[in-house]
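So the structure is just underneath, and the comments pick up after that.
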Amino acid sequence: MVGPIRPQFVLFGSSIVEYSFGEEGWGAILTNIYARRADIFVRGYGGWNSKQAVQVLDQVFPKDDAVQPSLVIVYFGGNDSKHPRPDGLGPHVPLPEYVENMRKIAIHLKNLSETTRVIFLTAPPVNEAQILQVLGEDDRTTELCQKYTDACVELCQEMGIKAINLCNAFKQHYHWMTTCFTDGVHLSATGSKIVAKEILKVLKEADWKPSLYWEALPMEFA
């Protein structure tokens, strides 16, 4: 560990998280804003679903670590909501199982420490035509993403967790279908800006003590 110890933010999820440190990605945007204020760690695993996430919770977030994250931002749902394959393979997770997996993730994270805060990102919509054209896949639909999004938001309301409804946030953006994605699924710079903006809004408005909004955190060696 390189000191001094700063608040630690962990981004945990599938490829939307793994690629977030790419050029103009939302993880990179947050890291730039929080420079000298917090350390941001990426734990993103392309192709993963909530079932796989549950299996590694103890390894990614050990309960006995002396230093626990101040914030964990969780994203799973895009792969869970893919159509099931006839052979039973693939990342699809039935909706009730997805909800229970996300509940397990939430419980684990909330038990890390009294000051560990959690934000869940829902699945964003998709551009089905672009997915077919670029990736040659037809197993994702915005309709299914919306169902998993609604279930995630409902769970967060039940458990008192901050939720960011990316389906709603993207659909409010002009020409979202043609500007927010690189391939119909993964985020362009425009899509990443929307995600970062929504996260910062939650951090600014949350009544957490201490506040995790960037302007409220001390700048190191200022």
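The values are calculated or read from the model by the stated rules, or taken from the named source; none is laboratory data. As the structure is a computational prediction, the values presented were derived from the model and not from experiment. We place every Cβ from the backbone using ideal geometry, glycine too, and count neighbours over all the protein chains shown. Just the protein is used for accessible areas: all its heavy atoms, side chains included, with ligands, DNA and RNA removed. Shrake-Rupley method; radii C 1.70, N 1.55, O 1.52, S 1.80 Å.
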* Structure fact -> Filtered hits (lysines, Cα-Cα < 22 Å from Lys197, offset >= 8 within chain) -> Lys162, Lys171, Lys209
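For the chain, what relative contact order do you get, as a whole percent, if you take Cα pairs closer than 8 Å and at least 6 residues apart?
So the answer I get is 21 percent.
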* Structure fact -> Once the in-chain neighbours fewer than 8 apart are removed, the aspartates and glutamates whose Cα is under 17 Å from Lys82 read Glu97, Glu128, Glu137, Asp138, Asp139, Glu143, Asp150, Asp183
* Structure fact -> Going residue by residue through region 79-90, the Karplus relation 6.51 cos²θ - 1.76 cosθ + 1.60 with θ = phi - 60° gives ³J(HN,Hα) values, rounded to whole Hz and with x marking Gly or Pro, of 7, 4, 8, 5, 4, x, 8, x, 7, x, 8, x
* Would you work out if region 55-133 is rounded, prolate or oblate? Take a ≥ b ≥ c from the square roots of the eigenvalues of the alpha-carbon gyration tensor; rounded if a/c is under 1.5, else prolate when a/b is larger than b/c, oblate otherwise. => prolate
* Counting only protein heavy atoms, what percent of the accessible surface of region 62-106 is carbon or sulfur at a 1.4 Å probe? -> 56
* Structure fact -> With +1 at each Lys and Arg Cβ and -1 at each Asp and Glu Cβ, the charge dipole magnitude of the chain around its Cα centre, to the nearest 20 debye, comes out at 540
* Structure fact -> Long-range amide H partners of Phe76, meaning residues 5 or more apart or on another chain whose placed amide H is closer than 5 Å, are Leu121
* To do: Please sort by residue number the chymotrypsin sites (Phe, Trp or Tyr not before Pro) in region 126-222 whose DSSP state is loop and whose Cβ has at most 10 other Cβ atoms within 10 Å.
  => Tyr174, Phe221
* Have a look at Ala35, Val195, Leu89 and report the one farthest towards the positive end of the charge dipole of the chain, computed about the Cα centre with Cβ charges (Lys/Arg +1, Asp/Glu -1). => Ala35
* Structure fact -> Taking a ≥ b ≥ c as the square roots of the eigenvalues of the Cα gyration tensor, with a/c under 1.5 meaning rounded and otherwise prolate when a/b exceeds b/c and oblate if not, region 1-70 is oblate
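What's the longest piece of the chain with no exposed GluC sites (Glu not before Pro), counting a site as exposed if DSSP puts it in a loop and it has at most 16 other beta carbons within 10 Å?
With GluC sites (Glu not before Pro) excluded where exposed in loops, the chain gives 25-113 as its longest stretch.
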* To do: May I ask you to list the residues of region 55-79 whose amide nitrogen lies under 16 Å from a point 7 Å from Cα along the Cα→beta-carbon direction of Leu95?
  => 77-79
* Would you mind putting 52-62, 5-15, 102-112 in packing order, based on average other-beta-carbon counts within 10 Å, highest first? => 5-15, 102-112, 52-62
* To do: Report ³J(HN,Hα) in whole Hz for each residue of region 30-44, in order, from the Karplus equation J = 6.51 cos²θ - 1.76 cosθ + 1.60 where θ = phi - 60°; Gly and Pro get x.
  => 5, 4, 5, 5, 8, 3, 6, 10, 8, 9, 10, 10, 9, 10, x
* Structure fact -> Note: Asp87 to Gln172 extended length (0.36 nm per residue) minus current alpha-carbon separation gives 26.9 nm
* Where only protein heavy atoms count, and the probe is 1.4 Å, what is the accessible area per residue for region 1-76 in Å²? -> 47
* region 44-97: trypsin sites (Lys or Arg not before Pro) in DSSP loop, at most 14 other beta carbons within 10 Å -> Lys63
* Asked: For region 146-222, with every protein chain kept in place, what is the accessible area per residue (1.4 Å probe, Å²)?
  -> 55
